Structure formats: structure tokens, C-alpha cells
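Participant: To start, I am sharing the structure in question, which I have written as C-alpha cells.
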Amino acid sequence: MAKQDVPPRWDLGMQQRLAHGEAAALGELYDRFASLVHGLAYRVLGDEPAADGITREVFAHVWQHPDAYDPGQGPLRTWVAALAHRLAVERLRTTGTAALARGGPGSAEELERKVRHAAVAARADYIVQAMPAPLRAALELAYFQRRDYRRTAADLGVTEDEARRRLRLGLQLLSTAHHAGRAAPRPGHGGAA
């Protein structure tokens, strides 16, 4: 795999700074990951105020429990994203279950379908954020800026074959989000959290 955007040394240093109660470290972490956390929460919940709440919860948890992060398990970005996803899915299940108990619209099956859909969307967002920068750059140019592979190659300064390769690999990675979402959350087994 290509060199990570956030080196493990940074992750370990950030954890140590947080453990020492360095408020500037929390600000730096927030600046780096708040949009990722908020985006994941919004994809799961579809509600801006709820996503704001999850974002606050994630960073409060990181501030209160910096030792919960284990650098040996992967990048800090991955841990923060997983925490955001887990909290958002818990919130979705809690609010959906409360609505069902009040006789609100929908059914338990509909709630579980929403959770599965949200999990697939959040996993796709995470995959794009975690993939190597060259693949992510190619996908962003091709899909968000609507460039064809020739224009993507020119913008990236690579050959057309390399641009096609990056797009193909990026799409293959993204396809795993859909496949994992089909089998992952089963009612009564904890689901996507």
C-alpha cells in the first residue's frame, strides 16, 4: 500500500499530547478530522444537527479517553472514523427504535434497512478517505469534477493507462463497501457498529 497520509509517528505523538491534556492537540485533531467525522455521521443519520452532535461526542470521547486508541491497530484516522460510525449507527438505532415504540412510521425491517444503507454509505466514504492519495485524487477528478480518464491523466500528470489503472483500483475498493453492506448487519447481531 502507498505511504499513508497521516504517518504513524504523528498518530502516536497526537495520542501522547492528548493524554497529557494538551488542548492545542485536540484543536489540531479537530481541524484535521472534523469534516470526516461530520460527513460520516451525516451519511448515517441524514440530519445536520444530529451529525453535529455526533461530531461533538466523538471529539469529547477522544479527549476523555486518548488511551483507547491503539496505534498498533491502525491509523488514528481509522479509529476516529470507526468511532464516528459506531456512535452514529447507535444514534440511528436508538432514535428509530424510539419512533417505533411511539407508534411512529416504519417498521423494524425498515429501520434495519436504513441502518444497512447508512453503513454502506459510511463505509464508502471511509474507503475513499483511507485509500492511497493517488487513487483518491483520480476518483475525485473523474467523479466529483466529471473529468474523463484522459483529462484526469493530464491533470494528474500521468499516462492515460495509469489514470485508468488508478480509477479501476479505486472503483474496485469502493465496490467492497456495497458487498460488505449486504452481509454485515444482521438483526440481533449488533449490525454495522
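The values are calculated or read from the model by the stated rules, or taken from the named source; none is laboratory data. The structure displayed is predicted, hence computed values, not measured ones. Counting neighbours? That spans all protein chains shown, and the Cβs are built from the backbone with ideal geometry, glycine included. Calculation scope for accessible area: heavy atoms of the full protein, side chains included, ligands and nucleic acids excluded. Shrake-Rupley method; radii C 1.70, N 1.55, O 1.52, S 1.80 Å.
Participant: ARG86 - would you say it is open to solvent by 80 Å² or more (accessible area, probe 1.4 Å), over 27 Å from ARG9 (Cα atoms) and at pLDDT 80 or above? Steps first, answer last, please.
Facilitator: Numbers: open to solvent by 80 Å² or more (accessible area, probe 1.4 Å): yes; over 27 Å from ARG9 (Cα atoms): no; at pLDDT 80 or above: yes.
Against the criterion (open to solvent by 80 Å² or more (accessible area, probe 1.4 Å), over 27 Å from ARG9 (Cα atoms) and at pLDDT 80 or above), ARG86 does not qualify.
Participant: Counting only residues that are among the polar types (S, T, N, Q) and loosely packed, with under 15 Cβ neighbours inside 10 Å, how many does the range 70-83 have?
Facilitator: In the first step, residues of the range 70-83 are kept if they are among the polar types (S, T, N, Q); the result is 73, 78.
Still in the list and also loosely packed, with under 15 Cβ neighbours inside 10 Å: 73.
The number of residues fulfilling the criteria is 1.
Participant: Out of the residues in the range 143-172 that are at pLDDT 85 or above and among the hydrophobic types (A, V, I, L, M, F, W, C), state the one that is surrounded by the most Cβ atoms within 10 Å (Cβ to Cβ).
Facilitator: Among those residues, the one meeting the criterion is ALA163.
Participant: Quick check on LEU100: is it over 23 Å from MET131 (Cα atoms), part of a helix (DSSP H, G or I) and either open to solvent by 50 Å² or more (accessible area, probe 1.4 Å) or modelled with pLDDT of 90 or more (or both)?
Facilitator: Working: over 23 Å from MET131 (Cα atoms): yes; part of a helix (DSSP H, G or I): yes; either open to solvent by 50 Å² or more (accessible area, probe 1.4 Å) or modelled with pLDDT of 90 or more (or both): yes.
For LEU100, the condition - over 23 Å from MET131 (Cα atoms), part of a helix (DSSP H, G or I) and either open to solvent by 50 Å² or more (accessible area, probe 1.4 Å) or modelled with pLDDT of 90 or more (or both) - is met.
Participant: How many of the residues in the range 70-91 are over 13 Å from the mean Cα position of the chain (by Cα) and closer than 17 Å to GLY46 by Cα? Working first, answer last.
Facilitator: Filtering the range 70-91 down to residues over 13 Å from the mean Cα position of the chain (by Cα) leaves 70-74, 90-91.
With closer than 17 Å to GLY46 by Cα added as a condition, the list becomes 90-91.
Looking only at that region, the number is 2.
Participant: In the range 43-69, what count of residues is obtained for those that are over 15 Å from the mean Cα position of the chain (by Cα) and crowded, with 17+ Cβ neighbours inside 10 Å?
Facilitator: 5
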